[in-house]
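Colleague: Pasting in a structure now, in structure tokens, and then I'll have a few things to ask.
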Number of protein chains: 2
Amino acid sequence: MIRHAQYSNDALELVARRFAVLSEPMRLRLIQALFGGEKNVSELVEATGGTQANVSRHLQTLTSAHVLGRRKAGLQVFYHIADPTIPKLCDLVCGSLEKSLSRQVASLS
Amino acid sequence: MIRHAQYSNDALELVARRFAVLSEPMRLRLIQALFGGEKNVSELVEATGGTQANVSRHLQTLTSAHVLGRRKAGLQVFYHIADPTIPKLCDLVCGSLEKSLSRQVASLS
DNA sequence: CAAGCATATGATTGGTTGCGCATATACGCT
DNA sequence: AGCGTATATGCGCAACCAATCATATGCTTG
């Protein structure tokens, strides 16, 4: 594992783009909905409470970033998490946020 | 470790915000420059090639997100990485990107 | 092939954000 | 106190992006 490697501007741009893809709540809802396995668009619309058009747009963003994968089956399109690091990323951030928040709570007393 | 937990909308908003903070190349440059230890603003301006005003703004963003910490010493202000998960996050993303890119390169042959 | 369902996409708009310039604040020194 | 250095901040602009509406594409069935 390369720890703390120095990256070029182009590389940092890619990393930034990757984080940007994960920086929208709706996209995180979609990812979360797919933790349980692949779902088609209609199911994702239902699970996230978004409109069909918006969900489709975000799915395209996530897919072209190789975060999700597509599988067509007749009329329907099934999406699944294609990048195995995504759950780890989310868990890392969530754990860090929980610690940070509990520290803030503790500092109130 | 809580894997694949279901999060509320408020929690997802926090996670999204966290990713958003990491989604700018200049901020990643600052973080990268701090991997070697704390630096003051002037050193960070030099290391990143940005303007003083812009660097200061990004430092504020990173600090209020508890990614960085501040230490004042006379005229100078020293910043350091306050969240230990940041390097892990960056390495995870970089590793994933390297794999993804090498797959794309391999698919060209 | 016509109709109907599932999904994707063009166009528009409002909101957010990064950047640059100028200036303000904070601190130390003489 | 006054000056110089280090850092922060108000403001305006331009670019980007998510959400929405309407419409298009793709596939299946009768």
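The values are calculated or read from the model by the stated rules, or taken from the named source; none is laboratory data. Not measured: the values here are computed from a predicted model. Counting neighbours? That spans all protein chains shown, and the Cβs are built from the backbone with ideal geometry, glycine included.
Colleague: Looking at (1) modelled with pLDDT under 95; (2) of a type outside the set (Phe, Trp, Tyr); (3) touching an Asp or Glu at 6+ places or on another chain (Cβ under 8 Å), which one does B:Gly36 not meet, given that it meets all the others?
Modeller: Every condition holds for B:Gly36 apart from (3).
Colleague: Follow-up question, since we're still on this one. Does A:Ser100 qualify as being outside any helix (DSSP H, G or I) and either within 24 Å of B:Glu24 (Cβ to Cβ) or within 14 Å of chain B (Cβ to nearest Cβ) (or both)?
Modeller: Taking the combined requirement at face value, the residue does not satisfy it.
Colleague: Checking the condition in a strand (DSSP E or B) and more than 10 Å from DNA strand C (Cβ to nearest atom), which residue from A:Gly37, A:Gly50, A:Gly69 passes? Can you show your working first?
Modeller: Numbers: A:Gly37 fails: in a strand (DSSP E or B); A:Gly50 fails: in a strand (DSSP E or B).
None of the others qualify; the one that does is A:Gly69.
Colleague: Select from the stretch A:43-68 the residues that are away from chain B (no Cβ under 12 Å), of a type outside the set (A, V, I, L, M) and away from DNA strand D (no atom under 12 Å from the Cβ) and list them in ascending order.
Modeller: A:Glu43, A:Glu46, A:Thr63
Colleague: In the stretch B:74-89, what residues are out of contact with any strand residue (DSSP E or B) (no Cβ under 8 Å at 6 or more places or on another chain) and within 16 Å of DNA strand C (Cβ to nearest atom)?
Modeller: Across the stretch B:74-89, the qualifying residues are B:Gly74, B:Leu75.
Colleague: Can you name every residue in the stretch A:57-109 that is surrounded by 15 or more Cβ atoms within 10 Å (Cβ to Cβ) and over 25 Å from B:Gly95 (Cβ atoms)?
Modeller: Matches in the stretch A:57-109: A:Val77, A:Phe78.
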